[in-house]
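Here is the structure we will look at, set down as structure tokens.
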Amino acid sequence: MTAEFAEFSSIAALQPRTRVPFLDAFRVQHGPAGLLGRFFLSADTRMKERGITLRFITLDDLVDLSEKNSDNWGSTNPMFDPRYSYVPAGSICLAGYDDAGEIKLCICAKPFDARPRSFASIVNAGGFTAVRPDCSRSHIASTIDAPFAYEMFGLLGYVGALWVHPDARGGRFASIMSYIVNACLLTLWNPAYLLGSVQHSTVGSGLYERYGYLHSMASLVVTSNGMPEVDLTIVYMTPNEFLDGLATYLDEIWPKIDAAVAARQRQ
């Protein structure tokens, strides 16, 4: 296994517990404890009020979930499928269960170690998709030509594999889950950047801004057998930018939270 796929031992040690109540799964490690603690408590409470209970699940659970819902999901994102890709230790998967115990929401995250090399170097060397050479998807690769990707160093947290069951769509759950998992990455991993990706065609629609991201860079091209398959735009923000926007988000989505108080806790 090459260096970019090495174990993230410090992150793995802080990996949240699976299949236990969300607030019991981890504790605040990095970032402002007042603001983040208030956010996690509010997120857990408000989601339960809307009939959703949060739990962390394993990536094997994710594969089973994807196959069970193949009629409205398709296939598991290979980046988070341990059958096809190297998934670093510490990668997480957050799910939302309905009152019947069925998973209706899901979102995942994995770390990238861009401390010795830039994010662009990792992507162009195959570290983004991290596909195993002996699997059926070994023909998948990726490249990026965005200048800032060559200036992006440090521990990075990438969010993907977002899924909302058709029964739960229309309730802003995609945005809410993005905020929750990014807050988890911030306090567990203390990354230099929080990243996601969107289809290039959606840029300008305001989609990624609803997930909290402030910046974008194009384009990351995923190829299959050397032919372009997907053209993605990487979206990103720093942890401080995320925290600066968190108080406003709390006031918008859960108005019971006093944004002024949350902003003071940010300090």
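Ignoring ligands, DNA and RNA, what percent of the 1.4 Å accessible area of the chain is carbon and sulfur? Write down the numbers at each step before the final one.
Values: 5640 of 11530 Å².
That fraction is 49 percent.
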How big is the Rg/Rh ratio for the chain, C-alpha atoms only, Rh by Kirkwood, two decimals?
0.94
Using a simple spin-label model with points 7 Å from Cα along the Cα→Cβ vector, what separation in nm is obtained for H215 and N72?
3.7
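What's the ranking of 125-136, 78-89 by average number of surrounding C-beta atoms within 10 Å, highest first? Numbers along the way, then the final one.
Working: 125-136: 16.4, 78-89: 19.8.
Going by the mean number of other Cβ atoms within 10 Å, highest first, we get 78-89, 125-136.
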Out of residues 5 or more away from S197 or on other chains, whose amide H comes under 5 Å of its own, with H placed 1.01 Å from N in the peptide plane?
V235
Over the chain, what is the mean sequence separation of C-alpha contacts under 8 Å (at least six apart), divided by residue count, expressed as relative contact order in percent?
18
Given a Förster distance of 35 Å, the FRET efficiency implied by the Cβ-Cβ spacing of D99 and D251, rounded to the nearest 0.05, works out to 0.80
With a 1.4 Å probe and every protein chain left in place, work out the accessible area per residue of the chain in Å², rounded to a whole number.
43
Between the alpha-carbon centers of the stretch 178-229 and the stretch 14-44, tell me the distance in whole angstrom.
22
How tilted is helix 59-68 with respect to the longest principal axis of the chain? Cα atoms for both, answer in degrees (0 to 90, nearest 10).
90
Report Rg (one decimal) and Dmax (nearest whole number) for the stretch 32-169, counting Cα atoms only, units Å.
17.1, 48
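The values are calculated or read from the model by the stated rules, or taken from the named source; none is laboratory data. Note that the structure is a prediction, hence the values are computed from the model and not measured. Because the Cβ atoms are built from the backbone with ideal geometry, glycine has one as well, and the counts that use them run over all protein chains shown. Protein only, heavy atoms only, side chains kept; ligands, DNA and RNA dropped before computing areas. Shrake-Rupley method; radii C 1.70, N 1.55, O 1.52, S 1.80 Å.
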